[in-house]
Amino acid sequence: MQPRVIKTASNKASQFQESVIREMSRLAAQHKAVNLAQGLPDFPCPAELKKAVAEATYDDINQYAITWGDKPLRQAIADKSKKFQGQTIDPESEITVTCGATEAMVAAMIALVDPGDEVIVFEPFYENYGPDSILSGATPRYVKLYPPNWSFVEEELEAAFNDKTRAIIINTPHNPTGKVFTKMELTTVAKLCQKWGVLCFTDEIYEHIIYDGNEHIAMATIAGMEDLTITINSLSKTYSVTGWRVGWAIARPQYTLPIRKVHDFLTVGAPAPLQRAGVTAVNMDAKYYTDLSHEYHQRRDMMMEILDAVGISYYKPEGAYYMFCDISDRGFESDLAFTKHLVKDIGVAVVPGGSFFGEGNKLKHKYVRFCFSRRDETLKAARERLLKLARV
Ligand code: PLP
């Protein structure tokens, strides 16, 4: 008998590549480049959070938490949602604490979407939504966001909805463009969700990183959406603790039940001491959030100054901490060629824009993403190097 050829990957895992963003961080280390690729702060998290983690472990919060989340953390999340969004959420039946927004999104999709279902995704999109769709068996249907202000065409969105549509994914403030969806745009999406009985997975992890008086509007607060929305959020960006891996999904009990089941068998639970320390984070006073936004304003303005000095055009972000830049006039064959030149010869790592698009979009190879959640020194070091790119 012929020996059986041993498959090295499942059909699902074969359909997507390793994360380009994390690959860029590896290249940055290899070339000793200033890393403006991965979306994480290079500055410390608030001191009180470090203390809260230490206290939690000394208080013996070191065993499994309740699978769907430490009760005080769920209570704090519910209280904060009430305070900031005016939402009434039952922490007992409507919140699932997960290992980051990453697990919240994939667990929610596996729990609520079936193979053959279509999921509408605005393009460009945060790269995880592609593999999330494949892992849940869904077929992504892309709806384009158009530069310069990354808005969508209502008729195109309308045309994407059909009998197979199970869900739409929204991300506001948006990675990679920095767009903040307006109330009018969200209302357009909401009307279509209600017309077709479609769920909305809304990734709002940058809700507090917002500029120029723009307003974050939570999809669940749009009329009629409270029963159709799965809100994904996390400690990662708001409290500068991307390594804690604590996030959550908020949804009506009928959706929370299956999400909790999937979450239980995927991970059992998020790290218990970090969930407990998360209570201190989520309960931060109003000043914490205004200071956060103010500090990011300064970093954004510094990044804009750098790009202006270098002569790279960008969309001025309304939220989140990225600049999505059109580099098609820089004389490189593609986003990848530009990125490689930048990391190897200039010494700055960024993310090629292609990783935020599906196949066939004309814009796929025209953009790169700079991340500016960095200390001043890091941004200054990047400036010095990037100036070598400036046109004379
Ligand atoms: N969602 C978006 C839009 C992101 O940009 C990121 C990280 O960059 C994540 C989710 C991941 O969040 P977490 O660290 O909570 O898993």
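Can you put VAL241, VAL279 in order of Cβ neighbours within 10 angstrom, beginning with the fewest?
The most exposed by this proxy come first: VAL279, VAL241.
Among the trypsin sites (Lys or Arg not before Pro) within region 71-171, which fall in a DSSP loop and have no more than 14 other Cβ atoms within 10 Å of their own Cβ?
When the trypsin sites (Lys or Arg not before Pro) of region 71-171 are filtered for loop state and at most 14 Cβ neighbours within 10 Å, LYS164 remain.
Per-residue HN-Hα couplings for region 340-348, Karplus 6.51 cos²θ - 1.76 cosθ + 1.60 at θ = phi - 60°, whole Hz, x for Gly and Pro?
Karplus-based 3J(HN,Hα) across region 340-348 equals 5, 4, 4, 6, 7, 9, 9, x, 9 Hz.
Do any of LYS195/LYS362; LYS179/LYS237; LYS83/LYS316; LYS287/LYS380 go past 24 Å between their Cα atoms, and which?
The pairs that break the limit, which is 24 Å between Cα atoms, are LYS195/LYS362; LYS83/LYS316; LYS287/LYS380.
Taking LYS12 as the anchor, which lysines have their alpha carbon closer than 22 Å to its alpha carbon, excluding any fewer than eight residues away along the same chain?
Qualifying lysines at Cα under 22 Å: LYS164, LYS261.
So for LEU112, LEU389, fewest C-beta neighbours within 10 Å to most, what's the order?
Ascending Cβ contact count within 10 Å gives the list LEU389, LEU112.
Run a plain Debye calculation on region 284-351 (Cα atoms as equal point scatterers, no solvent) and give log10 I(q)/I(0) at q = 0.12, 0.14, 0.24, 0.27 Å⁻¹, rounded to two decimals, same order as the q list.
-0.41, -0.53, -1.11, -1.26
Write out the GluC sites (Glu not before Pro) in region 64-172 meeting two conditions: DSSP loop, and at most 14 other Cβ atoms within 10 Å of their Cβ.
Qualifying residues, ordered by number: GLU92.
May I ask you to evaluate 6.51 cos²θ - 1.76 cosθ + 1.60, the Karplus curve with θ = phi - 60°, for each residue of region 161-177 and list the ³J(HN,Hα) values in order in whole Hz, giving x for glycine and proline?
6, 7, 4, 8, 5, 9, 7, 10, 9, 10, 9, 9, x, 9, 9, x, 8
Please turn the phi angles of region 326-337 into ³J(HN,Hα) values with the Karplus equation 6.51 cos²θ - 1.76 cosθ + 1.60 (θ = phi - 60°), one per residue in order, whole Hz, x for glycine and proline.
Along region 326-337, the couplings run 7, 10, 5, 9, 8, x, 10, 5, 7, 4, 5, 4 Hz.
Using modelled amide H (1.01 Å from N, peptide plane; none on Pro or chain starts), what sits under 5 Å from the amide H of ASN171, excluding residues fewer than 5 places away?
Those lying under 5 Å, H to H, from ASN171 are ASP203.
Once a ≥ b ≥ c are taken as the square roots of the eigenvalues of the Cα gyration tensor of region 166-253, is the result rounded (a/c under 1.5), prolate (a/b larger than b/c) or oblate (a/b not larger than b/c)?
Verdict is oblate for region 166-253.
I'd like to verify something in the chain: which complete DSSP H helices, judged by Cα projection on the helix axis, reach 30 Å or more and average at least -1.0 on the Kyte-Doolittle scale? Numbers along the way, then the final one.
Values: long enough: 286-310 (37 Å, -0.80).
The qualifying helices are 286-310.
Around PHE16, under 12 Å between beta carbons, what's the net of Lys plus Arg minus Asp minus Glu among the other residues?
Value of the local net charge: -2.
Please give the calculated 222 nm ellipticity per residue for the chain, where each DSSP H segment of at least 4 residues contributes -39500 (n - 2.57) and the sum is spread over every residue; nearest 500 deg cm²/dmol?
That calculation yields -12000 deg cm²/dmol at 222 nm.
Of the DSSP beta bridges with both residues in the chain, give the percent that are antiparallel, rounding to the nearest 5.
Bridges in the chain that DSSP calls antiparallel: roughly 50 percent.
What's the exposure ranking of GLU207, GLU18, GLU48, going from fewest to most Cβ atoms within 10 Å?
GLU18, GLU48, GLU207
Around ASN283, with a cut-off of 11 angstrom between Cβ atoms, what is the net charge of the other residues, counting Lys and Arg +1 and Asp and Glu -1?
In short, -1.
For LYS144, enumerate residues with amide H under 5 Å from its amide H, sequence gap 5+ or separate chain, H modeled in the peptide plane.
GLU123
Taking amide H positions as placed in the peptide plane 1.01 Å from N, state which residues far from VAL348 in sequence (5 or more) or on other chains have amide H under 5 Å from it.
Amide H to amide H, under 5 Å and 5 or more residues apart or across chains, VAL348 pairs with VAL34, VAL343.
Under 14 Å from the Cβ of ARG26, count the other residues' Cβ atoms, weight Lys and Arg +1, Asp and Glu -1, and hand me the total.
On the way: positive: ARG22, LYS32, LYS340, LYS344; negative: GLU18, GLU23.
Residues close to ARG26 contribute a combined charge of +2.
At a temperature of 37 °C and a viscosity of 0.692 mPa s, determine how fast the chain diffuses translationally according to Stokes-Einstein, using the Kirkwood radius over alpha-carbon pairs as Rh; express D in µm²/s, rounded to the nearest whole number.
This corresponds to a translational diffusion coefficient of 151 µm²/s.
Every read-out reported here was derived from the displayed coordinates using simple, explicitly stated rules and does not represent laboratory data. Everything numeric here is computed off the predicted structure, so don't read it as measured data. Don't worry about glycine lacking a Cβ; one is built from the backbone with ideal geometry, like all the others, and counts go over all protein chains shown.
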